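These notes are about the structure you will find just below.
Values in this text are rule-based calculations from the coordinates and carry no lab data. These numbers come from a predicted model, not from an experiment. Heads up, the Cβs are rebuilt from the backbone with ideal geometry, glycines too, and the neighbour counts pull from every protein chain shown.
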Amino acid sequence: MKKLLLICVLISFMSCDKSDTIVEYEAIPIDFTIPSNFPALQYNLDNNPLTEAGFELGKQLFYEGKLSANNSIPCAFCHEQAFAFTHHGHTLSHGVNGGIGLRNAQPIQNLAYQSEFMWDGAATHLDLQPIIPLTSELEMDETLSNVIEKLKADEIYQDAFARAFEDGKINSENMLKALSQFMIVMVSSNSKYDKYVRQEENVQLSQIETDGLNFFENKCASCHATDLFTDQSYRNNGLPVNPMLDDKGRFNIFENQDDLYKFKVPSLRNIEKTYPYMHDGRLSTLEAVLDFYDAGAVDNGNVDPILLRADGSYGISLTAYEKESIIAFLKTLTDNEFLQDERFSEY
Amino acid sequence: MKISKIALVLMLSISIISCSSDDDNNTEDLTGQKGQLVLKFDNGVGDQDFIFGTSYNKSNGESYKLDQLKYIISNVSLLDSEGNTFEYPTEDNVFLVDEANGNNAGEIWITLDNVDAADYTSISFGVGIDQERYLRGADGQGDFLQIAQDAGMLWSWATGFRFVRLDGVFSSDTVTDQALNIHMGSVGTSLDNYREVTLPFPNSVLVRPSMTPEVHVKTDIATIFDGPTPVNFMDGYDQVHTDPIETPIIANNMMEMFEVHHVHNN
């Protein structure tokens with residue numbers, strides 16, 4: 001009897017000890033609702049259920065320099081919140097050792113509603129997208145196993161992975177899942193336009209914004225479709241080819257001539273903040289973008305037929321007032337709640 | 001008379017032995033029992049063992065030498081004599097076969113653990129990664145993404161695995177030692193180069209808690225170029241990456257390169 005008591009006491013001591021030092025999986029789910037004006041979710045959350053700890057780990061990794069070769073270029077380096085997670089005015093992304101990437105950093109928002117990523121659709125799953133910048137010599141220049149080794153050596157991550165995942169393992173699967181959780185929660189759906197279409201808080205568009213919306217629907221919405229403002233297709237919009245970069249766009253994926261100079265139709269959410277524009281950031285203002293569509297497109301051999309005008313030229317004819325009002329409308333897509341959301345902020 | 005007595009005894013004993021062994025088979029209850037199975041991948045070219053840097057001839061007079069030879073095997077399943085299929089657990093069911101990791105005999109061993117005890121008659125596996133696994137993203141990959149990347153089997157310019165990677169040089173009657181690179185996989189959902197093969201076992205593979213059979217899978221690398229659709233390096237098959245015409249031809253040829261040469265029931 002005494003022996004039994006002793007054993008019991010020992011066990012209880014041991015278990016106390018354990019709970020003091022071992023961090024355990026915390027499956028506190030994140031409430032994730034799809035905005036009523038959004039299309040269907042593309043990401044399968046059953047494979048990666050959102051939890052508070054998973055999201056927090058993803059955020060920590062997003063701001064973690066160790067994901068790069070010189071330990072100083074986190075994802076956030078090119079994806080800054082105030083600019084809807086783009087690279088504050090840079091035409092092309094910068095990376096380790098002064099490397100300069102080949103394309104303009106795209107915003108990180110509403111990605112769970114898309115099935116392909118990057119300007120050319122090179123990433124076909126959100127989980128796997130981070131591998132591209134992480135391994136690019138011009139961006140983070142790292143390898144998955146090296147990053148995993150660095151994280152394994154860090155006590156903060158030992159605990160964070162243990163909290164975030166049932167198996168608690170620090171491996172590429174869990175690292176990428178955490179990053180996805182962070183990105184999935186990054187939803188921009190509370191712009192003035194959103195509140196207007198959802199008829200919330202009595203939000204009304206001004207006359208010029210309404211005119212802009214009407215012009216937009218007639219002249220832009222066949223490609224910038226749905227309330228994501230992209231039909232997620234790849235198109236050649238007649239942008240003159242920059243011979244310095246000679247970026248062939250989607251052609252690089254399948255080496256298919258039909259894909260020459262095609263790039264993914266970008267979302268226009270927070271477009272006011274994500275300047276400069278186009279895949280190489282060559283246009284710095286929205287005025288320049290609309291002037292390009294009006295009179296700057298060239299026949300580079302594979303321009304989208306949707307842009308062919310009656311006179312045989314390519315473009316979208318726009319009057320001065322159409323341009324002015326479309327820009328006024330585009331600014332209603334700025335979502336300050338998202339741009340200032342502390343859940344996504346580094347500090 | 002004596003002879004016939006002996007013969008009778010012999011016949012009786014044979015029938016008893018065969019009866020009893022039949023009985024054994026029928027009554028052997030393997031439910032819940034597990035064992036291991038070893039797959040030995042042994043790359044060859046025709047009737048030669050594959051060796052890095054050795055020149056091999058193609059049917060059209062071209063020749064090639066390789067310094068990298070790797071491919072991904074996944075979705076291994078086994079069919080037993082009763083018609084049941086044993087699927088290896090999905091999360092662990094993806095393997096890199098890298099010639100550089102071979103033992104002295106050039107064999108790359110894959111050990112399957114916790115296989116249901118049974119008498120297996122054939123094996124099926126996929127070459128590459130199927131669309132279902134791609135659709136799950138990082139889910140279920142464990143550390144395979146790291147392993148694949150370290151082996152150069154993960155693209156960096158796009159997300160996806162190289163299902164097969166052959167690097168080396170080729171020569172024809174007009175060129176000598178030109179670069180030869182076959183780096184191909186599926187591209188998104190629109191170009192699916194995953195293929196499944198089923199190979200019969202020459203005799204039953206007996207998995208038991210006390211028996212770890214070894215299945216010797218031989219490949220004929222020449223089939224990749226000289227298979228059902230022979231291809232010429234000089235026609236562009238010296239660089240095969242994402243081309244929607246070239247890659248399925250290589251994938252289909254590759255399907256035919258495997259055979260189970262023999263089985264050891266240890």
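Would you please put B:148-154, A:170-176, A:151-157 in order of how densely packed they are, using the mean number of other Cβ atoms within 10 angstrom per residue and starting with the highest?
Values: B:148-154: 19.9, A:170-176: 26.0, A:151-157: 14.3.
Order by mean packing, descending: A:170-176, B:148-154, A:151-157.
Inverting the mean 1/r over all pairs of different Cα atoms, compute the Kirkwood radius of segment B:105-170 and quote it in Å. Write down the numbers at each step before the final one.
Details: mean 1/r = 0.0671 Å⁻¹.
Roughly 14.9 Å, rounded to one decimal.
Determine how many Å³ per residue the convex hull of the Cα atoms of chain A encloses.
Values: hull volume 54.1 nm³, N = 347.
Taking the convex hull of the Cα positions in chain A, it is 156 Å³ per residue.
Could you sort the peptides B:131-137, A:112-118 by per-residue average Cβ neighbour count (10 Å cutoff), highest mean leading? Spell out each step's value before the answer.
Working: B:131-137: 17.3, A:112-118: 20.9.
The packing order, highest mean first, is A:112-118, B:131-137.
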> So who's got an amide H within less than 5 Å of the one on A:Arg103, skipping anything under 5 residues away but keeping other chains? H placed 1.01 Å off N, in plane.
Replying inline: A:Ser93
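To the nearest 20 debye, what is the magnitude of the charge dipole of segment A:142-205 about its Cα centre, counting +1 on the Cβ of each Lys and Arg and -1 on the Cβ of each Asp and Glu? Show your work: numbers first, answer last.
Working: 8 positive and 11 negative charges, 52 e Å.
Approximately 260 debye in magnitude.
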> Taking every DSSP beta bridge that has both residues in chain B, what percent is antiparallel when rounded to the nearest 5?
Replying inline: 85
> For segment B:200-248 and segment B:31-87, what is the separation of their C-alpha centers, rounded to whole Å?
Replying inline: 6
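Return the subset of A:Lys177/B:Lys70; A:Lys192/A:Lys323; A:Lys59/A:Lys323; A:Lys59/A:Lys219; A:Lys150/B:Lys65 for which the Cα-Cα distance in this structure is over 31 Å, preserving the input order.
Details: A:Lys177/B:Lys70 27 Å; A:Lys192/A:Lys323 19 Å; A:Lys59/A:Lys323 38 Å; A:Lys59/A:Lys219 38 Å; A:Lys150/B:Lys65 38 Å.
Those over the limit are A:Lys59/A:Lys323; A:Lys59/A:Lys219; A:Lys150/B:Lys65.
Within 10 Å of each Cβ in peptide B:124-135, how many partner chain Cβ atoms are there on average? Round it to a whole number, please. Working shown, then result.
Numbers: counts 0, 0, 0, 0, 0, 0, 0, 1, 0, 0, 3, 5.
Partner-chain Cβ atoms within 10 Å, mean over residues of B:124-135: 1.
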> Under Stokes-Einstein, with the Kirkwood radius over Cα pairs standing in for Rh, what whole-number D in µm²/s applies to segment A:174-266 at 10 °C and 1.306 mPa s?
Replying inline: 96
>> Just want the answer: with Cβ charges of +1 for Lys and Arg and -1 for Asp and Glu, which residue in A:Gly121, A:Ile22, A:Asn44 is farthest toward the dipole's positive end in chain A?
In response: A:Ile22
> Once you charge only the Cβ atoms, +1 for Lys and Arg and -1 for Asp and Glu, what is the size of the charge dipole of chain A about its Cα centre, to the nearest 20 debye?
Replying inline: 380
> In whole Å, what is the distance between the alpha-carbon centres of segment A:116-160 and segment A:183-237?
Replying inline: 32
> In sequence order, what are the phi-derived ³J(HN,Hα) couplings for segment B:140-150 according to the Karplus relation 6.51 cos²θ - 1.76 cosθ + 1.60 with θ = phi - 60°, rounded to whole Hz, with x for glycine and proline?
Replying inline: x, 7, x, 10, 5, 4, 5, 4, 5, 5, 4
> Give or take rounding to whole Å, what are the principal axis extents of the alpha carbon atoms in segment A:293-347, in descending order?
Replying inline: 53, 28, 15
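Evaluate 2.2 N^0.38 Å with N set to the residue count of segment B:158-238, then give the Cα radius of gyration divided by it.
After normalising by residue count via 2.2 N^0.38 Å, the value is 1.55.
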>> Quick check on the exposure proxy: order A:His224, A:His94, A:His87 from fewest to most C-beta atoms within 10 angstrom.
In response: A:His94, A:His224, A:His87
> Quick one: if you take sqrt(5λ) for each eigenvalue of the C-alpha gyration tensor of segment A:17-187, what semi-axes come out, biggest first, whole angstrom?
Replying inline: 26, 22, 13
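Between A:Ser284 and A:Val23, take the C-beta separation as r, use R0 = 45 Å, and let me know the FRET efficiency to the nearest 0.05.
On the way: r = 47 Å, r/R0 = 1.05.
Plugging the Cβ-Cβ distance into 1/(1 + (r/R0)^6) gives 0.45.
Just tell me how shielded B:228-238 is by partners: mean number of partner chain Cβ atoms within 10 Å of each residue's Cβ, no decimals.
Working: counts 0, 0, 0, 0, 0, 0, 0, 0, 0, 0, 0.
Averaged over the peptide's residues, the number is 0.
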> Can you list the residues, at least 5 places off or on another chain, whose amide H is less than 5 Å from the amide H of B:Ser122, using H built in the peptide plane?
Replying inline: B:Leu79, B:Phe201
> Computed over the Cα atoms of segment A:136-193, what is the convex hull's projected area averaged over all directions, in nm²?
Replying inline: 6.0
> Considering chain A as a Gaussian network with a 10 Å cut-off on Cα pairs, which listed residue, A:Ile327, A:Ile22, A:Ile132, attains the greatest mean-square fluctuation?
Replying inline: A:Ile22
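Using the crude model of +1 on Lys and Arg Cβ and -1 on Asp and Glu Cβ, and no other charge, please compute the dipole size for the protein assembly as shown relative to its Cα centre, in debye to 20.
Values: 41 positive and 92 negative charges, 91 e Å.
About 440 debye.
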>> I want to check the label-to-label distance for A:Asp299 and A:Asn190. Put each point 7 Å from Cα in the C-beta direction and report it in nm to one decimal.
In response: 5.0
> What is the mean projected area of the alpha carbon convex hull for segment A:192-336, to one decimal in square nanometres?
Replying inline: 9.1
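Return the inverse of the average 1/r over all pairs of distinct C-alpha atoms in segment B:203-266, which is the Kirkwood hydrodynamic radius, in Å to one decimal.
On the way: mean 1/r = 0.0722 Å⁻¹.
Final number for the Kirkwood radius of segment B:203-266 is 13.8 Å.
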> Any idea what % of Cα-Cα pairs in chain B are farther than 28 Å?
Replying inline: 43
>> I'd like the FRET efficiency for B:Asn101 and A:Thr33, computed as 1/(1 + (r/R0)^6) with the beta carbon distance as r and R0 of 51 Å, rounded to 0.05.
In response: 0.60
> Which whole-Hz couplings ³J(HN,Hα) result when phi for each residue of segment B:220-232 is put into the Karplus expression 6.51 cos²θ - 1.76 cosθ + 1.60, θ = phi - 60°, listed in order with x for Gly and Pro?
Replying inline: 10, 4, 4, 4, 4, 9, 10, x, x, 10, x, 10, 10
> Considering every residue in A:171-183, what mean count of other chain Cβ atoms within 10 Å of its Cβ is obtained?
Replying inline: 4
>> Just to be sure I understand the model, the point goes 7 Å from the Cα along the line to the Cβ. What's the resulting A:Glu137 to A:Ala153 distance in nm?
In response: 2.5
>> I need the phi-derived Karplus couplings for segment A:61-68: 6.51 cos²θ - 1.76 cosθ + 1.60, θ = phi - 60°, integer Hz, Gly and Pro marked x.
In response: 5, 4, 9, 9, x, 4, 6, 10
> With a Cα-only, solvent-free Debye model of the protein assembly as shown, what are the log10 I(q)/I(0) values at q = 0.11 Å⁻¹?
Replying inline: -1.15
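Between B:Asp130 and A:Ala82, what is the FRET efficiency for a Förster distance of 41 Å, r being their Cβ-Cβ separation, to the nearest 0.05? Mind showing how you got there, number by number?
Values: r = 42 Å, r/R0 = 1.02.
Calculated transfer efficiency: 0.45.
Roughly speaking, what % of Cα-Cα pairs in segment A:238-281 are separated by over 15 Å, rounded to a whole number?
Working: 467 of 946 pairs.
Considering segment A:238-281, 49 percent of its Cα-Cα pairs are separated by more than 15 Å.
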> Using only Cα atoms, what is the ratio of the radius of gyration of segment B:101-247 to 2.2 N^0.38 Å?
Replying inline: 1.24
